[in-house]
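Below is one structure, written out as structure tokens; comments come after it.
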């Protein structure tokens, strides 16, 4: 009846979502491996500079990007800052970001969906 129909639709939708996700993950992993083999990671070097009005001096620093694109940096080396005349300085830091991954989707085989009882009032 109606509940059986809902269960069939739920099962088909569930299988579709799992298969689509797994297919997308495989394509992403293959793309990631192919791109990382053919492309080297990019490193941008930013030269040192001085901000004249406030006398802040920044040392050169680098930003290393993942081989897949320019969106997410792999590693950022921040510059050290020195305020001239005051002796105040901030040391440089290295921030390393993890590579973006699609997680493996673990879904139980039998997922139950219980619907509430529905009643339509008769007028």
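Conditions tested, residue by residue: (1) surrounded by 14 or more Cβ atoms within 10 Å (Cβ to Cβ); (2) at pLDDT below 75; (3) closer than 25 Å to residue 27 by Cα; (4) not assigned by TED's automatic domain parsing to the domain that holds residue 24.
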residue	(1), (2), (3), (4)
55	no, yes, no, yes
67	yes, yes, yes, yes
70	no, yes, yes, yes
75	yes, yes, no, yes
82	yes, no, no, yes
85	no, no, no, yes
90	no, no, no, yes
93	no, no, no, yes
104	no, yes, yes, yes
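Within the option set 42, 4, being at pLDDT 80 or above and loosely packed, with under 15 Cβ neighbours inside 10 Å holds for one residue only, 4.
Report, by residue number, each residue of the range 73-93 that is assigned to a loop (DSSP other than H, G, I, E, B) and under 29 Å from the mean Cα position of the chain (by Cα).
78, 79, 80, 91, 92, 93
The values are calculated or read from the model by the stated rules, or taken from the named source; none is laboratory data. If you're wondering where the values come from, they're calculated on a predicted model, not measured in any experiment. Every residue, glycine among them, receives a Cβ derived from its backbone with ideal geometry; neighbour counts consider all protein chains shown.
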